[in-house]
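Encoded as structure tokens, the structure appears first; notes follow it.
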Amino acid sequence: MKVFAIFCFILILIAAVPFAIYVWPTKYAYNRIKLGESDFPIRIHRVTGHAEQLTPAGWQPLGQSPAQVQIDAFERPVPSPSPMTPTPAVRRPTISPTPRQSER
């Protein structure tokens with residue numbers, strides 16, 4: 001009887017591992033995004049976080065691709081730096097001659 005129990009356990013383990021890898025959890029998490037009055041279905045890749053929106057032409061990328069998004073140590077998106085604007089040059093005021101100075 002002990003051999004039969006071990007055999008059943010191994011058989012269940014052999015069936016459970018592929019199920020856990022290929023069936024649950026699925027590759028994508030499905031959700032909806034509401035913009036104004038419209039609802040749009042989206043799917044998010046569970047491993048990469050890449051989001052796609054369903055359109056009549058098929059699934060289209062939504063937002064930035066994961067390669068362009070930088071993340072910190074806690075896997076949160078890092079805001080992109082703002083473009084640097086050059087500092088304006090300091091101008092010295094020009095002194096125009098006053099009417100009295102020009103008469104001299």
Inset, instruction - Select from the stretch 1-28 the residues that are closer than 30 Å to ARG43 by Cβ and β-branched (Val, Ile, Thr) and write down the one among them that is modelled with the highest pLDDT. - result: VAL17
Inset, instruction - Have a look at VAL3, VAL17 and point out the one that is surrounded by 10 or more Cβ atoms within 10 Å (Cβ to Cβ), free of Cβ contacts under 8 Å to residues at least 60 places away in the same chain and assigned to a helix (DSSP H, G or I). - result: VAL17
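Confirm whether ALA73 is part of a loop (DSSP other than H, G, I, E, B), of a type outside the set (D, E, K, R) and either surrounded by 10 or more Cβ atoms within 10 Å (Cβ to Cβ) or at pLDDT 70 or above (or both).
Numbers: part of a loop (DSSP other than H, G, I, E, B): yes; of a type outside the set (D, E, K, R): yes; either surrounded by 10 or more Cβ atoms within 10 Å (Cβ to Cβ) or at pLDDT 70 or above (or both): yes.
Yes: the conditions hold for ALA73.
The values are calculated or read from the model by the stated rules, or taken from the named source; none is laboratory data. Here the structure is a predicted model, which is why all the values come from computation and not from measurement. Note: ideal-geometry Cβ built from the backbone for every residue, glycine included; neighbour counts use all protein chains shown.
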